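Report on the structure given below.
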Amino acid sequence: ATEFARQGLSAEETLTRVNDAMVLTRLSGLQATASVTTLTAAVNGFAKEALSTTEIVNRLANVDAAFAVSSKDLADALARAGAAAQSAKVDFNELLAVTTAVQERTARGGAVIGNAFKTIFTRLQRSSVREALENIGVATETSTGALRSSMDVLRDYAAAYSSLSDQQRAYTAEQVAGV
């Protein structure tokens, strides 16, 4: 409650967020302070989407119930990659979806997945990485010169991947994701 109050929230909003943090704590097994941090990061990181903490907890719970990923893994990934995702034009649901897909396939934890996507989203904005992708036919900018959503770029990269030579695959994968 003290942390939420420091954010300048009204008493009513503070109580709502405290309740949501406690629900997330029970659902995920996170410590209460980690739940507060996760919800604050998600609300602030995805401010353009105007998500409430209740909506965030509900989405985490729905994904947890429907797929082989825990709310804790989702929360860890959000805390680590949320800001980078937002700057890379990746919305909240897309980040949840891609985290879920990777977790189901790799059984890696949310923190590892979040760090990986933070790296990827950051790298996709580098001129050298965009140039490497453009060289294989993956557009990184719109017709107006603005950067495309990282998820759109990754989808196009995935579609082109099978037609690349082994050397092109290795080079572009290292450019996008690092060593």
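The values are calculated or read from the model by the stated rules, or taken from the named source; none is laboratory data. Because the structure is a prediction, the values reported are computed rather than measured. As a convention, Cβ positions derive from the backbone with ideal geometry for all residues, glycine included, and neighbour counts pool all protein chains shown. Just so you know, the surface numbers come from the protein's heavy atoms only, side chains and all, with ligands and any DNA or RNA stripped out. Shrake-Rupley method; radii C 1.70, N 1.55, O 1.52, S 1.80 Å.
Things worth noting here:
- Test: residue in the stretch 102-121 that is touching a residue at least 40 places away in the same chain (Cβ under 8 Å), at negative phi and in a loop (DSSP other than H, G, I, E, B): no
- Pairs, first closer than 15 Å to Ala32 by Cβ in the stretch 68-80, second part of a loop (DSSP other than H, G, I, E, B) and open to solvent by 30 Å² or more (accessible area, probe 1.4 Å), C-beta under 8 Å, six or more apart: Lys72/Gly29
- Residue match in the stretch 61-71 (condition: among the charged types (D, E, K, R), within 25 Å of Glu104 (Cα to Cα), open to solvent by less than 70 Å² (accessible area, probe 1.4 Å) and modelled with pLDDT of 90 or more): yes
- Whether a residue is touching a residue at least 60 places away in the same chain (Cβ under 8 Å) and either out of contact with any strand residue (DSSP E or B) (no Cβ under 6 Å at 6 or more places or on another chain) or not basic (Lys, Arg) (or both) was assessed, and Ser149 passes this test.
- Residue match in the stretch 124-140 (condition: within 30 Å of Ala1 (Cα to Cα) and not hydroxyl-bearing (Ser, Thr, Tyr)): no
- Selection within the stretch 122-149 - among the polar types (S, T, N, Q), open to solvent by 50 Å² or more (accessible area, probe 1.4 Å) and assigned to a loop (DSSP other than H, G, I, E, B): Gln125, Thr142, Ser143, Thr144
- Boolean, Arg169 is surrounded by fewer than 21 Cβ atoms within 10 Å (Cβ to Cβ), in contact with a strand residue (DSSP E or B) (Cβ under 8 Å, 6 or more places away or on another chain) and part of a helix (DSSP H, G or I): no
Listed here are the residues, each with its yes/no results for (1) touching an Asp or Glu at 6+ places or on another chain (Cβ under 9 Å); (2) closer than 19 Å to Leu74 by Cβ; (3) surrounded by fewer than 18 Cβ atoms within 10 Å (Cβ to Cβ).
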| position | (1), (2), (3) |
| --- | --- |
| Gly8 | no, no, yes |
| Glu12 | no, no, yes |
| Arg26 | no, yes, yes |
| Ala32 | no, yes, yes |
| Thr37 | yes, yes, yes |
| Lys48 | yes, no, yes |
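- Taking the stretch 1-69 as the region of interest, the helices (runs of 4 or more DSSP H) fully inside it that hold 3 or more residues being among the hydrophobic types (A, V, I, L, M, F, W, C) are 11-28, 32-45, 53-66.
- Residue in the stretch 92-121 that is surrounded by the most Cβ atoms within 10 Å (Cβ to Cβ), counting only those that are closer than 22 Å to Leu39 by Cβ and among the β-branched types (Val, Ile, Thr): Thr99
- Every residue from the stretch 10-30 that is of a type in the set (S, T, N, Q) and under 21 Å from the mean Cα position of the chain (by Cα): Thr25, Ser28
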